Amino acid sequence: MADLRTRYMKIDLKNPVILASSPITASLDQLKRAEDAGYAAVVLKSIFEEFINSQSAKALGAKDANLNHADAYGFLEQAAKEYQIDKYLTLVEKAKKALGIPVIASINCSDQEGWLEYAKRFEAVGADGLELNYYIVASNARIKGSEIDKSYLNLVKHARLNTSLPLSIKIGSFFSSPSNMIRAFSDIGVDGQVLFNSFLQPDIDIERLSLAAGKPLESKGDYGTSLRWVALMSAEIQGDLCAATGIRDGETVVKMLLAGASAVQVCTAAMKSLDVVKSMTAFIAEWMDRKGFKSIYDFKGKLAQEHIENPELWERAQYVKALNS
Ligand SMILES: Cc1cc2nc3c(=O)[nH]c(=O)nc-3n(C[C@H](O)[C@H](O)[C@H](O)COP(=O)(O)O)c2cc1C
């Protein structure tokens, strides 16, 4: 019988399917259901630094007379932040007590310093790993791409120094050289990289003539960009790659493993039906049996760029198209 076990960011997993950070990983109830459905691990909904800062400012109320005193403001602001962070730490702690599968905490940070000190507190409550969800919308035309790259690298360096937990970075694909950045994160010593996050894009409501929220569950979820970069980078770096975006079925999970991913993260498909993991793992097992693979390691990375006869095929999609026509 096929052995679906794998290892991602130094964490042993019973199969390669992880429930991605999302609204369905924000409550203990949902997390227990995820474990029952068969996910190998869960990444908790990110704790958002910007949200916490805005909530604590709101909780204080700018007109409060006591707040004219700078020290009092600082103290109360910190207390309001602590309250939000405690809520998150309690979720991590309860999840660890209630679940048998690994629980990965996730921080979305907008600031370089200070915030990541909290990584230590995730460690204290027993998180199995920490995923950094960091992105910058490069809308300021005066800031060079190289400065943005530097800010990513500084953040990851700082995080690496501040936690001994298995650490991963979840990135988008919008770098002028994704390969250079992925290699640089690896050199810093991250244990895993999630390729790629896909970001909610604002939309326009043409009746109200206003901005509208994008519709995440309606996205087509193209996995092609993630597949290509996993294949290009998996044999080039230390640490593991986790494929994300557009993974809707077992066939796509198998493709990501063949490209060299150690695991995958699933969000939209799981939000539509949490049980999608069952059909994914059943498909992987059936496919492995059919192909004569006993373990994930028998085929992981078999079609990564480094391991195929014509490595340029991963770079020249037109060529692949020509070959198949
Ligand atoms: C409604 C929604 C909320 C999300 N919240 C988070 C989050 O808090 N942190 C995070 O790292 N990713 C978050 N994501 C991104 C997902 O984890 C995932 O990376 C992305 O949706 C691509 O995967 P998919 O194609 O399987 O949906 C969210 C996605 C959606 C749709």
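The values are calculated or read from the model by the stated rules, or taken from the named source; none is laboratory data. Predicted model only: the values in this text are computed from it and were never measured. Note that each Cβ is placed from the backbone with ideal geometry, even for glycine, and that neighbours are counted across all protein chains shown.
Contact map, the stretch 253-270: first residue more than 15 Å from residue 40 (Cβ to Cβ) and away from the ligand (no atom under 13 Å from the Cβ), second residue among the charged types (D, E, K, R) and part of a helix (DSSP H, G or I), Cβ cut-off under 9 Å, separation 6 or more or different chains; pairs are 259/228; 260/306. When the residues of the stretch 130-147 are filtered to those that are charged (D, E, K, R) and away from the ligand (no atom under 16 Å from the Cβ), the one that is farthest from residue 195 (Cα to Cα) is 142. Within the stretch 117-128, identify whether any single residue is among the acidic types (Asp, Glu) and free of Cβ contacts under 8 Å to residues at least 12 places away in the same chain, and answer yes or no. For the stretch 117-128, residues among the acidic types (Asp, Glu) and free of Cβ contacts under 8 Å to residues at least 12 places away in the same chain: absent. Within the stretch 130-150, restricting attention to residues that are of a type in the set (S, T, N, Q) and not in a strand (DSSP E or B), the residue that is farthest from the chain's Cα centre (by Cα) is 140. Looking at residue 226, is it touching a strand residue (DSSP E or B) at 6+ places or on another chain (Cβ under 6 Å) and at pLDDT 95 or above? Criteria met by residue 226. Away from the ligand (no atom under 15 Å from the Cβ), within 20 Å of residue 87 (Cβ to Cβ) and of a type outside the set (Gly, Ala, Ser): does that describe residue 32? Spelling it out, residue 32 is indeed away from the ligand (no atom under 15 Å from the Cβ), within 20 Å of residue 87 (Cβ to Cβ) and of a type outside the set (Gly, Ala, Ser). Criterion applied to 105, 127, 95, 119 was being farther than 25 Å from residue 180 by Cβ, in a helix (DSSP H, G or I), at pLDDT 90 or above and within 16 Å of the ligand (Cβ to nearest atom), and the one residue passing it is 95.
Filtered by the rule that a residue be closer than 14 Å to residue 226 by Cβ, crowded, with 24+ Cβ neighbours inside 10 Å and over 13 Å from the mean Cα position of the chain (by Cα), the stretch 248-280 gives 253, 256, 257, 259, 260, 261, 262. Within the stretch 187-203, restricting attention to residues that are over 14 Å from the mean Cα position of the chain (by Cα) and within 22 Å of residue 129 (Cα to Cα), the residue that is farthest from the ligand (Cβ to nearest atom) is 187. Would you check if residue 165 is crowded, with 16+ Cβ neighbours inside 10 Å and either at positive phi or part of a loop (DSSP other than H, G, I, E, B) (or both)? Criteria met by residue 165.
Scanning the stretch 228-251 for residues that are part of a helix (DSSP H, G or I) and either touching a Leu at 6+ places or on another chain (Cβ under 8 Å) or away from the ligand (no atom under 16 Å from the Cβ) (or both) yields a total of 5. More than 16 Å from residue 270 (Cα to Cα) and more than 10 Å from the ligand (Cβ to nearest atom), is that true of residue 39? It is false that residue 39 is more than 16 Å from residue 270 (Cα to Cα) and more than 10 Å from the ligand (Cβ to nearest atom). Assess whether residue 56 counts as being modelled with pLDDT under 85 and more than 16 Å from the ligand (Cβ to nearest atom). Yes; evaluated as a whole, the condition is true for this residue. In the stretch 281-316, the qualifying residues are those that are at pLDDT 95 or above and of a type in the set (D, E, K, R), and the one that is surrounded by the fewest Cβ atoms within 10 Å (Cβ to Cβ) is 290. Might you let me know whether the stretch 218-238 holds any residue that is without any contact (Cβ under 8 Å) to a residue 24 or more places away in the chain and over 14 Å from the mean Cα position of the chain (by Cα)? Looking for residues that are without any contact (Cβ under 8 Å) to a residue 24 or more places away in the chain and over 14 Å from the mean Cα position of the chain (by Cα), one finds at least one in the stretch 218-238, hence yes. Within the stretch 170-216, being touching a Gly at 6+ places or on another chain (Cβ under 8 Å) and of a type in the set (Val, Ile, Thr) holds for one residue alone: 190.
Rundown of residues vs (1) among the charged types (D, E, K, R); (2) farther than 19 Å from residue 4 by Cβ, yes/no style:
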position: 258; (1), (2): no, no
position: 265; (1), (2): no, no
position: 268; (1), (2): no, yes
position: 276; (1), (2): no, no
position: 287; (1), (2): no, no
position: 294; (1), (2): yes, no
position: 304; (1), (2): no, yes
position: 309; (1), (2): yes, yes
position: 313; (1), (2): no, yes
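Is there a residue in the stretch 169-185 that is touching a Lys or Arg at 6+ places or on another chain (Cβ under 8 Å), at pLDDT 95 or above and within 16 Å of the ligand (Cβ to nearest atom)? Within the stretch 169-185 (the criterion being touching a Lys or Arg at 6+ places or on another chain (Cβ under 8 Å), at pLDDT 95 or above and within 16 Å of the ligand (Cβ to nearest atom)), the answer is no, since none of the residues qualifies.
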